[in-house]
Amino acid sequence: MILPIIKFGNPVLRKKGEHIEKVTPEIKQLIADMFETMEASHGVGLAAQQVGRALQLTVIDVRQVEDRPSTLELKGKPADVAEIMPLVLINPEVTAVGAPTTGGEGCLSFPEIFAEIARPESVDVKALNEKGKVIEFRCGGLLARAVQHETDHLNGILFIDRMERKTKEEFRDELDALQAATKAELKKK
């Protein structure tokens, strides 16, 4: 089922997600719905907060992006990113490995807003998958960027928080309008 995507201005986007103790049938259904929602919106990642659930859960799939490569290492050896896609991360722990690099980012909760954001080039990831099994890998490129962006969501951090002050000011009117529209929508409910 395609879920509504929460937009900037909704307080759930600022909530730290609850730790998931067990992969229940409800969590499995939420994962399936999140993948369907992400694909319908042409995104590469979606956090539970973006569909109104403050949980430590995100889904990622970078396979359709060909102009921004990703790298993957499993047990210290290079691997094909497609091996782990589509990717579910539950209770992820992300550790920066590479030096920061700047790259373009957008967010389904901020339609039509794209900016250059500095993030570590590579990260080590440890999480549970959709089966509740521990997965560990190192990734770089777009996958590392997506993992960091989505993990930020799980901690109530938005990509606008990572923007340079000047860039954020350039988007001030759009951000204010989006936030006002979201708050007006919430008041109607």
When every residue in the stretch 17-69 that is acidic (Asp, Glu) and either buried (at least 16 other Cβ atoms within 10 Å of the Cβ) or not in a loop (DSSP other than H, G, I, E, B) (or both) is compared, the one nearest to the chain's Cα centre (by Cα) is Asp61
Exactly one of Arg165, Arg172, Arg119 is under 16 Å from the mean Cα position of the chain (by Cα) and basic (Lys, Arg), and that residue is Arg119
**Prompt:** Just wondering, is there one or more residues in the stretch 162-184 that are outside any helix (DSSP H, G or I), among the aliphatic types (A, V, I, L, M), surrounded by 18 or more Cβ atoms within 10 Å (Cβ to Cβ) and touching a Cys at 6+ places or on another chain (Cβ under 9 Å)?
**Reply:** no
- Message: It is to be established whether one or more residues within the stretch 115-128 are without any contact (Cβ under 8 Å) to a residue 40 or more places away in the chain, of a type in the set (Val, Ile, Thr) and outside any strand (DSSP E or B).
- Response: no
Among the residues of the stretch 81-96, is there at least one that is out of contact with any Asp or Glu (no Cβ under 7 Å at 6 or more places or on another chain), in a loop (DSSP other than H, G, I, E, B), modelled with pLDDT of 95 or more and of a type in the set (S, T, N, Q)?
-> no
Being closer than 20 Å to Val23 by Cβ and more than 16 Å from the chain's Cα centre (by Cα) narrows Gly132, Gly98 down to just Gly132
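The values are calculated or read from the model by the stated rules, or taken from the named source; none is laboratory data. Keep in mind that what you see is a predicted model, and the values were worked out from it rather than measured. Note that we place each Cβ from the backbone using ideal geometry, even for glycine, and neighbour counts take in every protein chain shown.
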